[in-house]
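Trainee: Structure incoming, see below.
The values are calculated or read from the model by the stated rules, or taken from the named source; none is laboratory data. Since this is a predicted model, take the numbers as computed values, not measurements. So basically every Cβ, Gly included, is an ideal-geometry build from the backbone, and we count neighbours across all protein chains shown. When the accessible area is computed, the model is the full protein with side chains, heavy atoms only, and any ligands, DNA or RNA have been set aside. Shrake-Rupley method; radii C 1.70, N 1.55, O 1.52, S 1.80 Å.
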Amino acid sequence: MEDWLEAHRFSAKYNAGESGHVAQSLGAVLQGLQPDFDFDLREALTRELLCDSPNMGIDLLRDEVAMLHPGARRENVLITTGTSEALLLLLRQLAPRRVAVIVPAFQLLTSVPRSLGAEIVALPLVWKSDGQPHAPVEAWQRIIGEQKPDVFIFNHPHNPSGLVFNVHEREALLESCAAVGCTVVGDEHYRFLCSPDGAQNDPPHLSDFRISPGPTVWQPSTDRFVTGSFIKCAGTPGLRIGWCVGEESVLAAMQSEKNYLTHTVNPLSQRIALWFLESFRRKQTFFAPLYRDWQKNRNVLATWLSKNEGAWLGMPPLGGLVSCITPVDASKSTKTFLKLREQGIFLLPLSSFMETGMTDGVLSQGFRIGLGLSPHQFKEMLSVMVR
């Protein structure tokens with residue numbers, strides 16, 4: 001996957017292969033956050049000491065993350081250099097023999113457990129004839145009951161399908177895990193862009209709508225953990241901020257090993273992350289326009305798919321910034337990719353997810369499409385795709 005991205009992300013006029021919002025400049029972030037604060041953010045940032053931060057992360061940032069997870073306290077939060085580090089450190093501590101993962105999956109969720117000697121228990125999505133993904137929860141429950149995984153990595157909202165599972169689907173999966181003594185790790189990178197319980201329609205009066213993070217699997221327990229961030233949703237991946245929420249003794253062991261890896265997280269990144277979460281809790285001045293852009297792009301994609309159903313199959317994401325679309329004539333997928341590149345468009349081939357062993361014929365011929373472009377550029381890209 002990373003090879004595909006590196007080869008095309010910098011040369012494409014329309015880079016819809018990415019999984020995050022188009023990158024924001026530092027100036028734009030500080031300017032967007034400023035209305036929610038009564039002091040000068042730029043001046044405050046210049047006074048930040050370039051020293052090692054506290055090993056677990058600065059206390060105020062840990063407090064903000066804890067507030068996103070009902071029942072959590074500061075002691076339940078470890079700040080990490082992105083969610084990649086959080087997942088690596090956590091899986092090394094859990095040391096599972098079998099890891100259940102919804103596939104197709106972001107490659108980290110399968111490659112890291114395999115590198116630690118774990119077997120992957122695949123929970124495959126099903127693609128309907130109209131190109132829409134479906135979660136066969138009852139089939140997954142049977143797999144969990146038969147295979148008895150030690151850990152279930154619950155990627156939600158799901159990448160690359162864009163699915164959001166309703167409360168009944170989530171609870172059914174969590175109950176199946178509890179029945180076999182399986183630890184649940186919620187990979188919740190897209191919580192900040194999530195339709196409530198998979199709602200198909202936008203909320204009324206979006207301009208007055210207060211954004212709430214999507215559901216979390218966290219609960220105070222020794223067998224529940226969450227990794228997350230806001231950086232993809234906010235167009236700030238360069239901040240490299242992530243976190244793990246979980247049981248204190250496990251987090252302490254993770255931090256002990258972290259001392260030999262990244263040691264502490266950049267204090268500038270932590271300060272900006274703190275301001276983002278405080279702003280999100282207050283007036284959401286910076287994030288609300290990004291959320292509205294996401295909603296606009298979802299609506300535009302839905303309209304485009306309905307008008308071009310003879311050529312493309314798929315659905316807008318219910319959560320997160322990616323979804324899957326498939327040419328109706330899947331046998332010409334390679335030709336389609338080459339034509340798109342000639343038009344300056346880069347979509348990520350779903351074949352790059354094949355590390356999971358997924359063999360679904362529709363899936364293997366499709367593309368992951370990112371909705372992180374500006375609404376103007378995203379609409380323009382779709383109009384180019386039908387020429």
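Trainee: What single numbered condition from (1) over 22 Å from the mean Cα position of the chain (by Cα); (2) open to solvent by 20 Å² or more (accessible area, probe 1.4 Å) fails to hold for residue 96?
Mentor: Here residue 96 meets the rest and fails (2).
Trainee: Quick one: residue 163 ticks every box in (1) more than 14 Å from the chain's Cα centre (by Cα); (2) within 20 Å of residue 322 (Cβ to Cβ); (3) of a type in the set (A, V, I, L, M) bar one, so which box is it?
Mentor: It fails just one condition, (1).
Trainee: Assess whether residue 52 counts as being more than 21 Å from residue 220 (Cβ to Cβ), among the acidic types (Asp, Glu), in contact with a strand residue (DSSP E or B) (Cβ under 7 Å, 6 or more places away or on another chain) and at pLDDT below 95. Steps first, answer last, please.
Mentor: Details: more than 21 Å from residue 220 (Cβ to Cβ): yes; among the acidic types (Asp, Glu): yes; in contact with a strand residue (DSSP E or B) (Cβ under 7 Å, 6 or more places away or on another chain): no; at pLDDT below 95: yes.
In short, no.
Trainee: Of all the helices (runs of 4 or more DSSP H) wholly in the stretch 237-335, which have at least 1 residues that are under 16 Å from residue 193 (Cα atoms) and either modelled with pLDDT of 95 or more or of a type in the set (Val, Ile, Thr) (or both)?
Mentor: Fully inside the stretch 237-335 and qualifying: 267-281, 287-307.
Trainee: Let me ask something else about it. Take the residues in the stretch 116-141 that are at pLDDT below 95 and among the polar types (S, T, N, Q), then tell me which one is farthest from the chain's Cα centre (by Cα).
Mentor: The extreme case among them is 129.
Trainee: State all residues of the stretch 57-81 that are touching a strand residue (DSSP E or B) at 6+ places or on another chain (Cβ under 6 Å) and surrounded by fewer than 21 Cβ atoms within 10 Å (Cβ to Cβ); if no residue qualifies, say none.
Mentor: The one that is touching a strand residue (DSSP E or B) at 6+ places or on another chain (Cβ under 6 Å) and surrounded by fewer than 21 Cβ atoms within 10 Å (Cβ to Cβ): 66.
Trainee: Looking only at the stretch 265-282, how many residues end up being surrounded by fewer than 15 Cβ atoms within 10 Å (Cβ to Cβ) and closer than 29 Å to residue 376 by Cβ?
Mentor: Of the residues in that region, 1 qualify.
Trainee: Select, from 180, 184, the only residue that is at pLDDT 95 or above, open to solvent by 10 Å² or more (accessible area, probe 1.4 Å) and farther than 30 Å from residue 286 by Cβ.
Mentor: Within the list 180, 184, the selection yields 180.
Trainee: I would also like to ask the following. Which residue, of 236, 262, 227, 222, is surrounded by fewer than 19 Cβ atoms within 10 Å (Cβ to Cβ), of a type outside the set (A, V, I, L, M) and within 30 Å of residue 372 (Cβ to Cβ)?
Mentor: Result of the check over 236, 262, 227, 222: 262.
Trainee: Could you check how many residues of the stretch 156-176 are of a type in the set (S, T, N, Q) and surrounded by 24 or more Cβ atoms within 10 Å (Cβ to Cβ)?
Mentor: Result for the stretch 156-176: 2.
Trainee: What number of residues within the stretch 1-38 are under 19 Å from the mean Cα position of the chain (by Cα), over 15 Å from residue 350 (Cα atoms) and among the polar types (S, T, N, Q)?
Mentor: Counting residues in the stretch 1-38 that are under 19 Å from the mean Cα position of the chain (by Cα), over 15 Å from residue 350 (Cα atoms) and among the polar types (S, T, N, Q) gives 2.
Trainee: Turning to a different aspect of this structure: Restricted to the stretch 132-148, and to residues that are farther than 15 Å from residue 320 by Cα and touching a His at 6+ places or on another chain (Cβ under 9 Å), which residue is surrounded by the fewest Cβ atoms within 10 Å (Cβ to Cβ)? Walk me through it before giving the result.
Mentor: So in the stretch 132-148, the residues farther than 15 Å from residue 320 by Cα come out as 132, 134-148.
So of that shortlist, the ones also touching a His at 6+ places or on another chain (Cβ under 9 Å) come out as 135, 137.
Details: 135: 21, 137: 18.
Going through the qualifying residues, I end up with 137.
Trainee: Right, something else. May I ask you to say which residue of 112, 151 is buried (at least 23 other Cβ atoms within 10 Å of the Cβ) and out of contact with any Gly (no Cβ under 9 Å at 6 or more places or on another chain)?
Mentor: From the options 112, 151, the qualifying one is 151.
Trainee: Does the stretch 15-46 hold any residues that are in a helix (DSSP H, G or I), β-branched (Val, Ile, Thr) and touching a residue at least 60 places away in the same chain (Cβ under 8 Å), and which are they?
Mentor: Within the stretch 15-46, just 29 meets the criteria.
Trainee: Okay, next question. Would you please name the residue that is modelled with the lowest pLDDT, looking only at residues in the stretch 205-236 that are over 22 Å from residue 93 (Cα atoms) and basic (Lys, Arg)?
Mentor: Only one residue fits best here, namely 210.
Trainee: Continuing with this model, one more query. For the stretch 187-198, what are the residues that are buried (at least 24 other Cβ atoms within 10 Å of the Cβ) and at pLDDT 95 or above?
Mentor: Hits for the stretch 187-198 are 187, 188, 190, 192, 193.
Trainee: Next question, about the same structure. Could you list, in sequence order, all residues of the stretch 326-348 that are in contact with a His (Cβ under 8 Å, 6 or more places away or on another chain) and either surrounded by fewer than 16 Cβ atoms within 10 Å (Cβ to Cβ) or without any contact (Cβ under 8 Å) to a residue 40 or more places away in the chain (or both)?
Mentor: 341
Trainee: Check residue 363 against each of (1) at pLDDT 85 or above; (2) of a type outside the set (Val, Ile, Thr); (3) open to solvent by less than 20 Å² (accessible area, probe 1.4 Å) and name the one condition it does not meet.
Mentor: The number of the failed condition is (1).
Trainee: Another question, then. Could you go through the stretch 250-257 and let me know if any residue there is among the hydroxyl-bearing types (Ser, Thr, Tyr) and buried (at least 23 other Cβ atoms within 10 Å of the Cβ).
Mentor: no
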